[in-house]
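Worksheet: one structure, shown below.
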Amino acid sequence: MSEIKLPEVELNIYTPREPVEVPVVENRICSKASSPNYVRHMTFDIGGTELENHVRVGQSIGILPPGKNEKGRDYKLRLYSVSSPTEGEGGESNLVSTTVKRTIEELDDNSLYLGVCSNYLADLSPGDTVKMTGPSGRRFLLPENAHDFNYIFFATGTGIAPYRGMIKELIDAGFENEIVLVFGCPYRTDLLYPNYFESLDEEKDNFHYLPRVSREDRREDGSKKYVQTALWDNSELLEPLLEKENTLMYICGLKGMERGIYTALAQKGLHQYLDLREPAAGKKPTEWDDRDMKRYVKPSPRTFVEVY
């Protein structure tokens, strides 16, 4: 197997104490128009700042929302994954993008909780400015020798953000190996960037898009389709790819999604993507409890995980 060489990156050029102010240049819905959830693709102009040419896909940018919390303190920094390629949105080095979902939740007392930063960002228009920090993150990156590998990307929700940038970066550079994107969401209207990924699946023989819509689609046994069930339902595509020595796996999205993936990998004997430690190593994967998953079932160097 080729050595995995992660690139050197710069971190925290701008900090919460010394952020940089940049304008919004794009703010558009990136889910199906009929979705009850509001997920937006946002692009910022970082031209003339130290961020330009220093943000890699797989990293995050930070946003400082204005205002103070109930204790009178400034709102805390929120991190958002970069969804544009390293060279910039649309190949423009001064443009960096991210994916933002409005957080709107009903509480037990029937009142609504509105996520501070997500709603602040979603309300902005081109020309408005934000205070930005970053970049952050040095682990969830494409290798320097990215074209030596195949990729299986698992995503839920806005965890698809880094894969949009990664896939664009690979495809635009003439990538010839295999890429599989497994994306999970509750409803078909929640598919993010669907036009791009569907068209790419049709155009490129080496790109495979596997949407998993858990509350609408059912497997043959009647159970729901989750990202991990793709390892069983699409085994003819995935197993030969997983068995290759030059395949890497990335997992990004809601915390806990990795559990089902790890369990399925172990059941299939694909231990090269896991670092199993005792006592979990001596148990059946279906017997792993929360303690095992937290302490003794870890990703191997071939598996990259970013969950929140």
ask   = Take the residues of the range 1-36 that are polar (S, T, N, Q) and surrounded by 18 or more Cβ atoms within 10 Å (Cβ to Cβ): which is modelled with the highest pLDDT?
value = ASN27
message = I'd like to verify a number: residues in the range 237-251 that are farther than 16 Å from TYR209 by Cβ and of a type outside the set (Val, Ile, Thr), how many?
response = 9
message = Looking for something among the polar types (S, T, N, Q) and in contact with an Asp or Glu (Cβ under 9 Å, 6 or more places away or on another chain) - is there at least one such residue anywhere in the range 172-182?
response = yes
message = I need a count of the residues in the range 188-199 that are under 18 Å from the mean Cα position of the chain (by Cα) and surrounded by 15 or more Cβ atoms within 10 Å (Cβ to Cβ).
response = 6
ask   = Assuming ARG40 fulfils every condition listed in (1) in a loop (DSSP other than H, G, I, E, B); (2) more than 30 Å from GLU243 (Cα to Cα); (3) open to solvent by less than 50 Å² (accessible area, probe 1.4 Å) apart from one, which condition is it?
value = (1)
remark   = In the range 158-180, anything of a type outside the set (Val, Ile, Thr) and touching a Phe, Trp or Tyr at 6+ places or on another chain (Cβ under 7 Å) is listed as PRO162, TYR163, ARG164, ASN177
key: Odd one out for ILE160 among (1) open to solvent by 40 Å² or more (accessible area, probe 1.4 Å); (2) among the hydrophobic types (A, V, I, L, M, F, W, C); (3) in contact with a Cys (Cβ under 8 Å, 6 or more places away or on another chain)   = (1)
Set GLY58, GLY88, GLY72, GLY62: member being under 30 Å from TYR151 (Cα atoms), without any contact (Cβ under 8 Å) to a residue 40 or more places away in the chain and not polar (S, T, N, Q) = GLY88
key: Identity of the residue in the range 95-132, modelled with pLDDT under 95, charged (D, E, K, R) and over 24 Å from THR189 (Cβ atoms), that ends up nearest to the chain's Cα centre (by Cα)   = ASP108
key: Among (1) touching a residue at least 40 places away in the same chain (Cβ under 8 Å); (2) part of a helix (DSSP H, G or I) - the single one ASN177 does not satisfy   = (2)
key: Single unsatisfied condition, ILE171 versus (1) crowded, with 19+ Cβ neighbours inside 10 Å; (2) out of contact with any Leu (no Cβ under 6 Å at 6 or more places or on another chain); (3) part of a helix (DSSP H, G or I)   = (1)
ask   = Within the range 139-157, restricting attention to residues that are part of a helix (DSSP H, G or I) and on the phi < 0 side of the Ramachandran plot, which residue is surrounded by the most Cβ atoms within 10 Å (Cβ to Cβ)?
value = ALA146
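The values are calculated or read from the model by the stated rules, or taken from the named source; none is laboratory data. Quick caveat, the model's predicted, so the values are computed rather than measured. Every residue, glycine as well, gets a Cβ built from its backbone with ideal geometry; the counts of neighbours run over all protein chains shown. To get the accessible areas, we keep the full protein, side chains included, count just its heavy atoms, and leave off ligands, DNA and RNA. Shrake-Rupley method; radii C 1.70, N 1.55, O 1.52, S 1.80 Å.
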